[in-house]
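Read the structure below first, then the notes.
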Amino acid sequence: MDKDSRNKKLKQLYNVTKEFARIFLVWLGVLLILSVFEVLFNGFTHEFPEHIFNIIALSLFKGLVFWLKWLWLEYLLFVIIYFVSKKAAVVISYVLIFLLAIIQLLLINYFNASLLPLGGDLYGYSIADIKQTVGASGSLNIWIILGFLLLLAGLIFALKFFPKRINVSGKIALIFPVISFLLLLINVNSIGSTAFQSDFANNLVVNKSDYFFSASYDYFFPPTEELDIYSDSYIADYESGNSSLVNFEYVNESEYPFLHQEQTSDVLTPFMNPGKTPPNIVFILVEGLGRAFTNEGAYLGNFTPFIDSLANKSLYWKNFLSEGGRTFAVLPSLMGSLPFAKNGFLELNDKMPDHLSLYSLLKHNNYRSSFYYGGDSKFDNMKTFLQKNAVDEIRDGASFPNGYTKLPVQNGFTWGYADDQLFDYFLNTRSQLPQKPELSVVLTVATHNPFLINNQDKYLKLFENRMSQLNFSEEQKATYRNYKLQYSSILYTDEALRNFFFKYQKRSDYTNTIFVITGDHRMPEIPMNNKIDRYHVPLIIFSPMLKRTAQMESVSTHFDITPSILAYLKTNYKLKIPSQSSWMGTGLDTARNFRNIHQYPIIQTKTDMIDFVMGEYHLNGNTLFKLDNNMQEVAIEDEEVLNQIKNKFENFKKRNNKITNGAKIWPDSLIRNYSILKK
């Protein structure tokens with residue numbers, strides 16, 4: 001190629017590059033405007049976090065990073081198409097920018113409704129589940145539709161008016177895709193990930209499209225992580241505080257990755273006066289019940305006066321953790337102490353491997369079992385799990401007779417029956433003189449987005465009164481009113497629980513009943529303080545059989561409840577349970593002082609398992625936090641501890657992946673002996 005031809009080609013490339021830059025600099029401008037809009041939108045609808053100008057600056061920076069990250073690919077495609085058809089390259093670019101802008105606005109709206117960025121968890125739900133969630137939440141409304149139309153009009157104007165007026169040389173324009181390509185060699189996602197103390201602020205500055213596309217890529221092309229065999233031998237016993245971590249001795253890891261000798265200590269008997277017959281056990285799982293606003297010492301204030309009074313008459317764990325950030329994790333973790341598999345155990349649906357649980361083992365020991373829920377038990381495949389555990393009665397929204405009231409309808413959807421109606425339905429259908437002891441699980445739904453409840457004005461007034469009782473300043477009250485529907489629904493459910501226990505006390509079976517109250521996860525629609533906050537829930541074990549009460553600062557999780565209840569029943573009522581188990585949990589810790597003897601993974605969403613708690617440390621992604629006795633945490637740098645926890649986490653993932661790939665959780669011999677379905 002001669003010099004003239006080379007110069008001609010170079011000039012053509014410069015012209016194409018300038019055309020590309022003029023169009024995609026408009027897209028950068030739109031992205032930056034949307035970044036500022038998101039901060040202001042959330043500020044007005046929720047609250048303006050501290051250091052607002054720093055937040056806007058970091059949000060703009062992350063918008064710029066997202067723009068650059070994909071620019072090399074967009075440039076490459078633009079050049080190829082341009083040399084075929086200039087018009088096609090321009091039109092396709094305009095369409096792409098339209099789509100990207102709409103996706104960004106949708107993701108901003110999702111975050112505003114849930115206060116959590118949408119990631120790969122989108123792919124963990126069925127179309128029916130997504131339709132139910134979006135419809136019931138009311139996140140798509142006339143204002144959002146008007147916002148889309150305004151965005152489209154603005155884009156049309158910007159793309160028609162600005163590209164012709166942007167003057168940039170070919171050499172300068174070429175710098176952008178070059179920088180974009182170089183970004184492939186740098187991990188820019190971690191920049192500013194923990195820049196602010198508030199988890200709400202850290203999530204707010206995240207570019208929502210960048211987060212979604214990165215998470216989607218990881219979902220379809222999961223990264224492979226190798227276990228460091230050299231440090232693996234170092235993690236067998238790790239001291240945390242004044243107490244060693246509890247470790248399992250696995251008996252047959254190749255065939256049954258989690259099988260171990262059952263060694264759970266009976267820690268409940270010292271607090272109980274056992275009766276002559278096995279007790280009824282009632283689990284009350286409260287949707288979204290977080291410690292942030294529950295009971296004394298709640299950093300957002302105590303908005304559950306009845307639950308607080310009940311905790312003072314109970315065994316109460318103030319530093320308790322759920323095993324998931326959404327409801328999908330609660331039944332397998334709580335009732336079966338089960339691993340997560342790929343997207344949560346329930347997502348396996350009819351392919352759930354055979355397993356034992358509190359349901360099946362108590363049924364083996366002559367218990368009758370039930371599950372009550374005001375919504376659709378098919379949601380998250382809960383019904384399949386219940387059927388595989390031979391639950392005698394599955395009562396959900398479809399089984400309620402006439403005379404019971406549903407939650408208000410929005411956009412043609414409702415989550416189902418109100419919590420007070422659910423509790424009444426439970427009481428009205430349970431015999432006071434059962435022929436067998438009973439295990440019952442009641443899952444509430446009212447404290448869920450959109451937080452619409454019947455007689456809401458009454459609870460909005462209670463919310464105002466509660467703020468005054470908590471001595472909030474007028475400035476605090478103004479901020480809290482941004483979440484008035486959330487707090488009014490919490491007060492409603494608290495009152496529904498008060499009435500439930502008032503009615504239950506009149507029953508003849510009350511004196512022989514153990515109640516277990518906990519949250520499935522912390523409500524995310526009120527801004528969270530830190531990463532662990534999402535899982536920080538109360539645990540209350542109340543019973544007329546209690547001979548003394550206690551408040552525990554020690555950390556335990558949903559994994560620990562089933563092993564401890566079985567150990568208690570075995571000690572006092574000679575229940576027959578296997579000598580080996582595959583429980584994830586090692587049992588509740590009843591130490592009064594703050595400590596954590598456990599080491600557990602936590603699954604945030606169906607596609608994000610990025611949390612591991614070990615001793616006084618919490619790993620979230622690649623960031624290490626240290627916990628205090630109020631479950632507040634600070635990011636720390638300790639390479640030795642970080643490697644220990646990462647290796648422990650990877651060890652769990654290897655076992656968990658075996659379950660995903662078809663390994664068994666429990667041996668067939670134990671399933672045959674203890675599962676009614678397999679006899």
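Residues in region 64-71 carry Karplus couplings, in order, of 5, 4, 4, 4, 6, 4, 9, 5 Hz; the curve used is 6.51 cos²θ - 1.76 cosθ + 1.60 with θ = phi - 60°, and Gly or Pro positions show x. Maximal additional length on extending the Glu475-Asn247 stretch stands at 77.2 nm, based on 0.36 nm per residue less the C-alpha distance. Given their separation in residues at 0.36 nm each and the Cα-Cα distance between them, Ser214 and Ile172 gain 12.3 nm when the chain is fully extended. Around the amide H of Trp70, modelled in the peptide plane, lies no amide H under 5 Å away from a residue 5 or more places distant or on another chain. Between Lys276 and Gln632, the contour length at 0.36 nm per residue exceeds the alpha carbon distance by 123.9 nm. Proximity of backbone amide H atoms, modeled 1.01 Å from N, is registered between Val537 and Arg291, Phe320, Leu321, Ser322 at under 5 Å, excluding neighbours fewer than 5 places apart on the same chain. Ordering His51, His364, His536, His448 by the number of other Cβ atoms within 10 Å of each residue's own Cβ, fewest first, gives His51, His364, His448, His536. Extending 7 Å from Cα along the Cβ direction at Asn657 and again at Asn673 yields two label points whose distance is 3.3 nm. Between Phe502 and Gln263, the simple spin-label model (points 7 angstrom out along Cα→Cβ) gives 4.9 nm. Among Val634, Val205, Val16, a tally of other beta-carbon atoms within 10 Å of each Cβ gives an order, fewest to most, of Val634, Val16, Val205.
Listed from fewest to most Cβ neighbours within 10 Å, the set Phe371, Phe53, Phe293 follows the order Phe53, Phe293, Phe371. This structure gives log10 I(q)/I(0) by the Debye sum over Cα atoms at q = 0.06, 0.12 Å⁻¹, computed directly, and of [x] -0.38, -1.34; [y] -0.31, -1.41; [z] -0.39, -1.18 that value is listed as [x]. Label region 391-515 by shape, choosing from rounded, prolate and oblate, from the square roots a ≥ b ≥ c of the eigenvalues of the Cα gyration tensor; if a/c is under 1.5 it is rounded, and otherwise prolate applies when a/b is larger than b/c, oblate when it is not. Because a/c hits 1.5 or more and a/b fails to exceed b/c, region 391-515 counts as oblate.
On the beta carbon distance between His51 and Gln435, with R0 = 60 Å, the FRET formula returns roughly 0.45. Rounded to the nearest 20 debye, the dipole magnitude of region 232-370 is 740 debye, with +1 charges on Lys and Arg beta carbons, -1 on Asp and Glu beta carbons, and the Cα centre as origin. Projecting the Cα atoms of Leu546, Gln580, Thr447 onto the dipole axis of the chain, where Lys and Arg carry +1 and Asp and Glu carry -1 at the beta carbon, places Thr447 farthest toward the positive end. Take the Cα of Gln410, go 7 Å toward its beta carbon, and none of the backbone nitrogen atoms of region 299-313 fall under 13 Å from that spot. In order along region 547-563, the phi-based Karplus estimate (6.51 cos²θ - 1.76 cosθ + 1.60, θ = phi - 60°) of 3J(HN,Hα) comes to 9, 7, 9, 6, 10, 9, 8, 5, 8, 9, 9, 3, 4, 8, 6, 4, x Hz; Gly and Pro are listed as x. 3J(HN,Hα) along region 319-331, derived from phi through the Karplus expression 6.51 cos²θ - 1.76 cosθ + 1.60 where θ = phi - 60°, amounts to 10, 8, 10, 6, 9, x, x, 9, 5, 4, 8, 6, 5 Hz, with x in place of Gly and Pro. Computed per residue of the chain from DSSP H runs no shorter than four, each worth -39500 (n - 2.57), the mean residue ellipticity at 222 nm is -14000 deg cm²/dmol.
This model, with +1 at the C-beta of Lys and Arg and -1 at the C-beta of Asp and Glu, gives the chain a dipole about its Cα centre of some 1720 debye.
Using a Förster distance of 22 angstrom, determine the FRET efficiency expected from the C-beta separation of Asn622 and Trp70, and round it to 0.05. It comes out at approximately 0.45. The mean sequence separation of alpha-carbon pairs under 8 Å and at least six residues apart, normalised by the residue count of the chain, gives a relative contact order of 21 percent. Between region 445-516 and region 353-400, the C-alpha centres lie 27 angstrom from each other. Remark on Phe283: its backbone amide H falls under 5 Å from those of Ser440, Val441, Val442, Val516, a criterion applied only to residues 5 or more positions apart or on other chains, H modelled at 1.01 Å from N. Go ahead and run the numbers for FRET between Tyr573 and Lys351, Cβ-Cβ distance against an R0 of 41 Å, rounding to 0.05. Computed FRET efficiency for Tyr573 and Lys351: 0.75.
Readers should treat all values here as calculations from the given coordinates under stated rules, not as data from a laboratory. Worth saying up front: this structure is predicted, and the values here are computed from it rather than measured. Quick reminder, even Gly has a Cβ in these numbers, built from the backbone with ideal geometry, and neighbours come from all protein chains shown.
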